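The values are calculated or read from the model by the stated rules, or taken from the named source; none is laboratory data. Model, not experiment: these values are computed from the prediction. Because the Cβ atoms are built from the backbone with ideal geometry, glycine has one as well, and the counts that use them run over all protein chains shown. Accessible surface areas use protein heavy atoms only, side chains included; no ligands, DNA or RNA. Shrake-Rupley method; radii C 1.70, N 1.55, O 1.52, S 1.80 Å.
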Amino acid sequence: MGPVWGIDLGGTKIEGVVLEDPNNPVVLKRLRVATEKEKGYQHIIGQIVKLVEVLMAETGVKPHKIGIGTPGTLEPSTQTMKNSNTTVINGKYLKRDLERALSMPVSMANDANCFAIAETKLGVVKEELPDAKVVFGVIMGTGVGGGLVVNGQVINGKQGIAGEWGHSFMDTSGGKCYCGKVGCTETIISGPSLERFYFEKMGIEKSLPEIVGLYREGNDEAATQTVQRLLKFFGQGIASIINMIDPDAVIIGGGVSKVDLLYDEGVKSIEQHVFNHRLETPVLRPRLGDSAGVFGAALL
Ligand SMILES: [Zn+2]
């Protein structure tokens, strides 16, 4: 097989990559442009077209098809986007509009699904657990989501929402979610939600890494409460995923996954909530870093 192309549409940046081959993720070229979502839907389409044109010019390769990872999901029945926290694309015929603008077929998947398939086929699962059949990829970043891979295939589900634990109810203290519901997992353990929780206690804006640093120093009560909130709800949330599908591995991605505490205290918290006398599920750190989303898109 020849080169494969992937685009990762994010809320702040759009990234594109050309990989030499789907089984050999040597990067021929990788580029980023700003999403500038505040300029509207047509502008986002234009940014993607621009990115593809520059990639073509710089690699001298012309794609026949492009894989695109998106925030949110394509609704199978209407072919319009839904559930995206980049709300400007919701209700839009993103796949159709991109196919027209780029004059080529587009394969589209949710960004969490791209992450899960990339880490399964090219990343940590391939390296450490090559026999894993059921893999759950968790995204905890600006948003919270997830992707389920079974036997090397992404499971989209009847309504395109498989793996979307970020909008399962967790606790009313999270408040209102952009999706219209109250107390979604995302309103509690996304990076911005944790930072907001700290801000409401202290009246000072701190980033999550700063809050974790203050927690480790041990004399900031609000930081302690924020980190304990993360650990408690992380444990409850991941345990209910494990209770439901009992995967061979769970991979934790997104900005919040950089919190080291998740892999010791967080795993203990999962153990407390799982319906078993022990926790055998490996909870893995991703290997592909920022590349997972765009590599996964290229694998589509
Ligand atoms: Zn929600």
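Determine whether residue 187 is closer than 29 Å to residue 150 by Cα and touching a Lys or Arg at 6+ places or on another chain (Cβ under 8 Å). Quick ask: steps written out before the conclusion?
Numbers: closer than 29 Å to residue 150 by Cα: yes; touching a Lys or Arg at 6+ places or on another chain (Cβ under 8 Å): yes.
So residue 187 passes the test.
Quick check on my filter: what residues within segment 142-172 are open to solvent by 50 Å² or more (accessible area, probe 1.4 Å) and away from the ligand (no atom under 14 Å from the Cβ)?
Matches in segment 142-172: 151, 153, 155, 156, 158, 159.
So which pairs qualify, if the first residue must be in segment 188-212 and among the basic types (Lys, Arg), the second must be modelled with pLDDT of 95 or more, the Cβ gap must be under 6 Å, and the two must be at least 6 apart or on different chains?
Sorted first by the residue in segment 188-212, then by its partner, the pairs are 201/222; 206/198.
What about residue 99, is it more than 14 Å from the ligand (Cβ to nearest atom), open to solvent by 40 Å² or more (accessible area, probe 1.4 Å) and either outside any helix (DSSP H, G or I) or closer than 22 Å to residue 82 by Cβ (or both)? Explain how you work it out, then say what you get.
Working: more than 14 Å from the ligand (Cβ to nearest atom): yes; open to solvent by 40 Å² or more (accessible area, probe 1.4 Å): yes; either outside any helix (DSSP H, G or I) or closer than 22 Å to residue 82 by Cβ (or both): yes.
In short, yes.
Residue 135 is checked against (1) in a helix (DSSP H, G or I); (2) in contact with a strand residue (DSSP E or B) (Cβ under 6 Å, 6 or more places away or on another chain); (3) away from the ligand (no atom under 16 Å from the Cβ) and fails just one. What number does that condition carry?
All conditions pass for residue 135, except number (1).
Checking residue 1 against (1) in a strand (DSSP E or B); (2) closer than 22 Å to residue 121 by Cα: exactly one of these is not met. Which one?
Answer for residue 1: the failing condition is (1).
Go through segment 267-300 and report how many residues are more than 19 Å from the chain's Cα centre (by Cα) and assigned to a helix (DSSP H, G or I).
Summing the residues that are more than 19 Å from the chain's Cα centre (by Cα) and assigned to a helix (DSSP H, G or I) in segment 267-300 gives 7.
Where residues in segment 175-200 are within 13 Å of the ligand (Cβ to nearest atom) and hydrophobic (A, V, I, L, M, F, W, C), which of them is modelled with the lowest pLDDT?
179
Within segment 260-299, how many residues turn out to be closer than 30 Å to residue 17 by Cβ, in contact with a helix residue (DSSP H, G or I) (Cβ under 7 Å, 6 or more places away or on another chain) and among the aliphatic types (A, V, I, L, M)?
The number of residues fulfilling the criteria is 7.
Provide a single number: the residues in segment 50-77 that are among the β-branched types (Val, Ile, Thr) and open to solvent by less than 30 Å² (accessible area, probe 1.4 Å).
Taking segment 50-77 and keeping what is among the β-branched types (Val, Ile, Thr), we get 52, 54, 59, 61, 66, 68, 70, 73.
Add one more test, that the residue is open to solvent by less than 30 Å² (accessible area, probe 1.4 Å), and what stays is 52, 66, 68, 70, 73.
Looking only at that region, the number is 5.
Just one of 104, 108 is of a type outside the set (Phe, Trp, Tyr), over 25 Å from residue 169 (Cβ atoms) and part of a strand (DSSP E or B); which is it? Before you say what the answer is, go through the steps one by one.
Numbers: 104 fails: part of a strand (DSSP E or B).
Selected residue: 108, the only one of 104, 108 that is of a type outside the set (Phe, Trp, Tyr), over 25 Å from residue 169 (Cβ atoms) and part of a strand (DSSP E or B).
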